[in-house]
1. Residue check: is residue 98 under 27 Å from residue 176 (Cα atoms) and either of a type in the set (Asp, Glu) or modelled with pLDDT of 85 or more (or both)?
2. Quick one: which of 147, 207 is touching a residue at least 12 places away in the same chain (Cβ under 8 Å), surrounded by 15 or more Cβ atoms within 10 Å (Cβ to Cβ) and more than 17 Å from the chain's Cα centre (by Cα)?
3. Looking at (1) open to solvent by 20 Å² or more (accessible area, probe 1.4 Å); (2) of a type outside the set (Val, Ile, Thr); (3) modelled with pLDDT of 85 or more; (4) touching a Gly at 6+ places or on another chain (Cβ under 6 Å), find the lone condition where residue 117 falls short.
4. May I ask you to list the residues in region 12-24 that are open to solvent by less than 40 Å² (accessible area, probe 1.4 Å) and either assigned to a loop (DSSP other than H, G, I, E, B) or at pLDDT 75 or above (or both)?
5. Got a sec? Which of 164, 197, 208 is closer than 16 Å to residue 119 by Cβ and out of contact with any Phe, Trp or Tyr (no Cβ under 7 Å at 6 or more places or on another chain)?
6. Kindly evaluate residue 186 against the criterion of being exposed (fewer than 13 other Cβ atoms within 10 Å of the Cβ) and of a type in the set (S, T, N, Q).
7. Looking only at region 26-43, filter to residues that are surrounded by 16 or more Cβ atoms within 10 Å (Cβ to Cβ) and over 12 Å from the mean Cα position of the chain (by Cα); which one of those is modelled with the lowest pLDDT?
8. So residue 182 fits all but one of (1) in a strand (DSSP E or B); (2) under 12 Å from the mean Cα position of the chain (by Cα); what number is the exception?
Amino acid sequence: MSTPRLPAFAKYRPLRSEDSERTRVTVRDAFGVDGWFFDVPGTADSGPRTFAVLHLPGTVTPSGWGWAVRGVEGDRRQYGRLGLTRQDAVRGALKAVEDCRNEPDAALRIEHRASGWALHVRCACPGTDDFTEEEFTDFASAADWLDGDPTTPWRFCTGSPTRLTWTDGCGHKRHGQIWGTARHHTGWAAIDTLDDLGVYPRVFLRDLSADAI
């Protein structure tokens, strides 16, 4: 059996023509760890999909480093097993991508902890079934889940990206840093931010687009 041919690796996230105004980011910008982006050809009725192979500490051996492949385009699941090398992880992921083409993508994972809910977004956490309460494909669905228990604190896991892009009430794109999480007076899950203009607007989790964080 032939070995799967490795894709081309890129330092910056590949951009489509419709994404020309999007800021170019590295894997560290998006995931908080080092790694590479790569594209996988799509099906006959879809374009290529972008993935990231992440260099993670302490994941293959207790004192060593390993590699894992995560989805990027609104799809945050891990594909394939952890690998000792980047090539091993990507080869395993290519087969897993093919196997998962007809399955719904899980973008977000919610974990129940003693301190409240932890929301995993495109993080480098291993993602075992032991701690996952629910999986969702979009922020609005995750918000509905969190808002169903409006008195319980919630936060992003420490491995999730801390940059946020959203559309304000005037229809303008704004960018900033996640400053913290809170509950609106109605109990809705909200994000306290520090935007690039030095202002502290509050953003509702349910209003975010798939690739907002």
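1. no
2. 147
3. Result: residue 117 fails condition (4) only.
4. Selection gives 13, 14.
5. One residue alone meets the criteria, 164.
6. yes
7. Residue satisfying both the conditions and the ranking: 33.
8. All conditions are met except number (2).
The values are calculated or read from the model by the stated rules, or taken from the named source; none is laboratory data. Fair warning: this is a prediction, and the values are worked out from it, not measured in the lab. All Cβ positions, glycine included, derive from the backbone under ideal geometry; neighbour counts span all protein chains shown. We work out accessible area using only protein heavy atoms, side chains counted, and drop any ligands, DNA or RNA first. Shrake-Rupley method; radii C 1.70, N 1.55, O 1.52, S 1.80 Å.
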